[in-house]
Every structure is written in C-alpha cells, then in structure tokens.
Amino acid sequence: MFDIFRRKKPQTPADAAKPGSTQERYSIEELAAAFPSREAEAEVLAPVDTAPIETAPVETAPVEAVKVKAVTVESAPVEHAPVDEAPRAIEPIPAEVIAAALEVEPVAADIPAVSAAAAPGKSGWRERLRGSSFARSFNGLFSRHPKLDDDLLDEIETALITADVGVGATTALIESLRKRMKAREFADANALLAALRADLLAMLKPVAQPLQIDTQAKPFVLLTVGVNGVGKTTTIGKLAKRFKDENRPLMLAAGDTFRAAAVAQLQAWGDRNGVPVVAQGQNADAASVAFDALQAAKARGTQVLIADTAGRLHTQQGLMAELGKIKRVLQKLDPTAPHEVLMVIDGTTGQNALSQLRQFHAAVGVTGLVVTKLDGTAKGGVVFALAREFGIPIRYAGIGERPEDLRVFDAEAFVDALLPESLGA
C-alpha cells in the first residue's frame, strides 16, 4: 500500500531511447506507415536539413546613394526661432469684424446687457405692456368685428377670460355692456370701446393707492411676503433705491435665510445703494433677524426698515405660521409693527394669485400689493380680479428690470396700455 506514494525514478536519456519507453521517438517513415491519411502532415514535420533552401542573394542599395540623399536633406536646414524669444501676442479680432460675420450689431463690452428704463408717463406703460396677453387679445378685435352685435360681445368676453380677468369680473362687465347696447347707448364700436375702458378703470381706481410712509413711526416697518420666485428680494432692492433717492434713512433685514445666496443678494443691493443690511447668515431664525434689525433701526433713528422673508408656498401651513411668528416678534418691540405688509405677486401667475393672496392675507394681514413681471408675457388681467375680490391697495407695478421700472401703480396708464388706442390699432 505504501508503493503508491513511492517517488518514480526519473528516466535517463539512454532509457528513454529503449523500445517501449514513453518517450521513444519514431521516424517519419514509421509514422507515415502507421497513419497513411496524414502524409501531408508528415511531410511538414520533416527536418529542415533534409531539403535545404537556397536563398537568392539580395542586392542591397549602395551606401553612396543613401549618403547622397542624406546630404540632400541636410542641404536645406530649417531655421528655428531662439528659445528665449518672447512669443508674439495674438491680436484680438475687432468687434466690427465679428459682428459683420454674424450679421449682428456690435455691442460694446462696457455696456451691460440690461434694457434701458421705460419712458416716463403713459408711453412707458404702453411700450412695456404691449406684449401682454391682454393687449394682444384686443389688438384688432374691434376692426375684425366693427358691427355692434352679440358676436362682438362674445369676442370681448373670450379675450377678458383668456387674459385672466376672471369669470366673475368678466360676466359683470359683459352684462353691463349688453344692457347698454340693447338700450342703444352706443352709436358705434368706438363708443363701446370707450365704455369698456371706463368700466375697467372703475375697477382699478379704488385700489390705486400709493404707499404713504408714516414719519411718526420710527422706524416704519415694511414686511415683504410672497411665494417662491416672485421677485421679493429684487423688489426690496428697487424700493431701497427709491427711498434712498427720497433721502429717507433706511435699513434692510435679510430675513430670507433659507434660499441659497439670498442674504448675499440683499447685501449686494445694500452695497449698491449705500444701505446697511442686518443679517445672521444661512439657516438663521427669520424672526430673530427681524427682531435684531428693528432694535438696530430704533437705535440709529432709521426712518424705514424693510424686512425680507423667505418665499413659501401658500399651501404649507407650517411655513405660513412662521410668518405669524415674525409679526408677533416685531410687535414685542413695536405694537404697531409691521406698518405695511407688502405682498409681491408674479404677474404671470394667473388665477392662482387669488388663492395665494387669500392664504397670506389670513396669515399676516396683507395691506398692499406689488405686481411684478408685467413687461413680459404676463396676461395682466389678474390685476382686475385681485382688485374686484379683495380691494387691497396696489402700491407698485414692475414693468422692467431697471430700478426705475418699479412704478407707482397708475390705473389709468395701466388700462390705456392694455386697450388699443384706436379701433384700427
């Protein structure tokens, strides 16, 4: 049994050559006889020395020819610039050349890409609001329907509803025009257009109330609220520019501690207008920021304090309750604060602005409105719906990007900008 583990003795070359050995070698003839079908393979395995191959001598090129070619290449040396020589500066392409290639007008590098402020007066309103959905709906409406009939009233009703005036306000306007048309009060379509203008103006006149700063309140606390992305911080910066131009000492409170870079944005507005900003950094308590700012404003004798707040959805009850907390904390130092709760509303929101204002008004008691972004594709009709349902004063309207484009709300200029100047306009 132990023979299994015995190591096998290695074979010597002499033993390997013996017959019957595992390493015994066979000749080519023996392999060919044993396997007749593989004669071709046997010929391949034949030793090389059995059929020597005579190779033809290869004629190599003379060395002198190679040398001649080398000399020819060396005869045209390439001159390289010195290493220590300074590189040439690349001349910039003139802006006129680029503009001519692109078929655009050249823009100076030192001019910012911000549009100029709107023209003063009614012309500026019409210039910025002519692209609104309201203005586009009424352009050419009376020229397409010059006849006074129900079809014209139906077209006016469709245009008003499309512009977010609201079903209730639109129904009241159309029914009033229908009764007066049947009573033959309108001689032509021009008279109907004048009546529509008067009715729209009557809806906005009561709410066109500018903001009045109470000089007896030191400071006059203005709290800004609104949903995300409506332009609260930008509106505060523009208001700061306006109050600074009126020589009113003011201070800003960076209460939007949730949005990234909101504090830095308000500080940039403060540096631009030379206005101090009270801030505590990211994720700080907004009520604490407002409290510190009110204390500082009282100590410095500041006339106006504008407090920023974080944008929040009106459907989040917990976030809406935080606004009530800010108001209660301010009232610990001044029972009458805040003296103005200014809600910023995006003009492109539409009928959703009604539910936003309803919730914010229930939480903090909104006393004034700012409607922004009216210079773009905003429908504009939501202003009439807000005025009819709530009657809250509209303080300002944003019709551009420049600080001067935050205008005091002018009901007459607003209505005239939305309606055509004439029937053929």
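Can you name the residue in the range 174-185 that is among the hydrophobic types (A, V, I, L, M, F, W, C) and open to solvent by 10 Å² or more (accessible area, probe 1.4 Å) and is also nearest to the chain's Cα centre (by Cα) among such residues? Even if it seems obvious, please write down each step before you answer.
Of the range 174-185, the ones among the hydrophobic types (A, V, I, L, M, F, W, C) are 174, 177, 181, 183.
In the following step, the residues that additionally are open to solvent by 10 Å² or more (accessible area, probe 1.4 Å) were identified as 181, 183.
Values: M181: 47, A183: 52 Å.
Among them, the one singled out is M181.
Checking A254, A240, A262, A194 one by one, the residue that is open to solvent by 10 Å² or more (accessible area, probe 1.4 Å) and out of contact with any Pro (no Cβ under 8 Å at 6 or more places or on another chain) is A194 and no other.
Flag: L319 matches the condition of being without any contact (Cβ under 8 Å) to a residue 24 or more places away in the chain and open to solvent by 20 Å² or more (accessible area, probe 1.4 Å).
Out of curiosity, is I345 open to solvent by less than 10 Å² (accessible area, probe 1.4 Å) and either within 30 Å of S123 (Cβ to Cβ) or of a type in the set (D, E) (or both)?
Here the answer is yes, as I345 does meet what is asked.
Rundown of residues vs (1) under 23 Å from the mean Cα position of the chain (by Cα); (2) open to solvent by 40 Å² or more (accessible area, probe 1.4 Å), yes/no style:
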site	(1), (2)
T349	yes, yes
F360	no, no
G368	no, no
G376	yes, no
I394	no, no
D405	yes, no
D410	no, yes
A417	no, no
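So, F138, is that one over 30 Å from G255 (Cα atoms), over 40 Å from the mean Cα position of the chain (by Cα) and of a type in the set (F, W, Y) or not? No. Kindly indicate whether D164 is more than 21 Å from A202 (Cα to Cα) and at pLDDT below 90. No: the conditions fail for D164.
Any residue at all in the range 205-214 that's closer than 15 Å to A413 by Cα, in a helix (DSSP H, G or I) and open to solvent by less than 20 Å² (accessible area, probe 1.4 Å)? Yes, the range 205-214 contains a residue that is closer than 15 Å to A413 by Cα, in a helix (DSSP H, G or I) and open to solvent by less than 20 Å² (accessible area, probe 1.4 Å). Just one of (1) out of contact with any Leu (no Cβ under 8 Å at 6 or more places or on another chain); (2) modelled with pLDDT under 90 fails for L319. It is (1).
T234 passes every criterion in (1) modelled with pLDDT under 90; (2) of a type in the set (S, T, N, Q); (3) assigned to a helix (DSSP H, G or I) apart from (1). Of the candidates A286, A353, A299, A310, the single residue that is crowded, with 17+ Cβ neighbours inside 10 Å and more than 23 Å from the chain's Cα centre (by Cα) is A286.
Quick test of your reading of the structure: D188 fulfils all but one of (1) over 30 Å from V408 (Cβ atoms); (2) modelled with pLDDT under 80; (3) open to solvent by 70 Å² or more (accessible area, probe 1.4 Å); (4) of a type outside the set (S, T, N, Q). Name the failing condition by number. Result: D188 fails condition (2) only. Looking only at the range 363-380, decide whether some residue is under 20 Å from L319 (Cβ atoms) and part of a helix (DSSP H, G or I). Yes, there is a match, as at least one residue in the range 363-380 is under 20 Å from L319 (Cβ atoms) and part of a helix (DSSP H, G or I). Kindly check whether there is at least one residue in the range 393-410 that is touching a strand residue (DSSP E or B) at 6+ places or on another chain (Cβ under 6 Å) and over 24 Å from D245 (Cβ atoms). No. Restricting the range 355-368 to residues that are out of contact with any Leu (no Cβ under 7 Å at 6 or more places or on another chain) and in contact (Cβ under 8 Å) with a residue 60 or more places away in the chain, the residue that is farthest from I213 (Cα to Cα) is Q356.
The values are calculated or read from the model by the stated rules, or taken from the named source; none is laboratory data. What you see is a predicted model, and the numbers here were worked out from it, not measured in a lab. We place every Cβ from the backbone using ideal geometry, glycine too, and count neighbours over all the protein chains shown. Note: accessible area is taken over every heavy atom of the protein model, side chains too, but ligands, DNA and RNA are not part of it. Shrake-Rupley method; radii C 1.70, N 1.55, O 1.52, S 1.80 Å.
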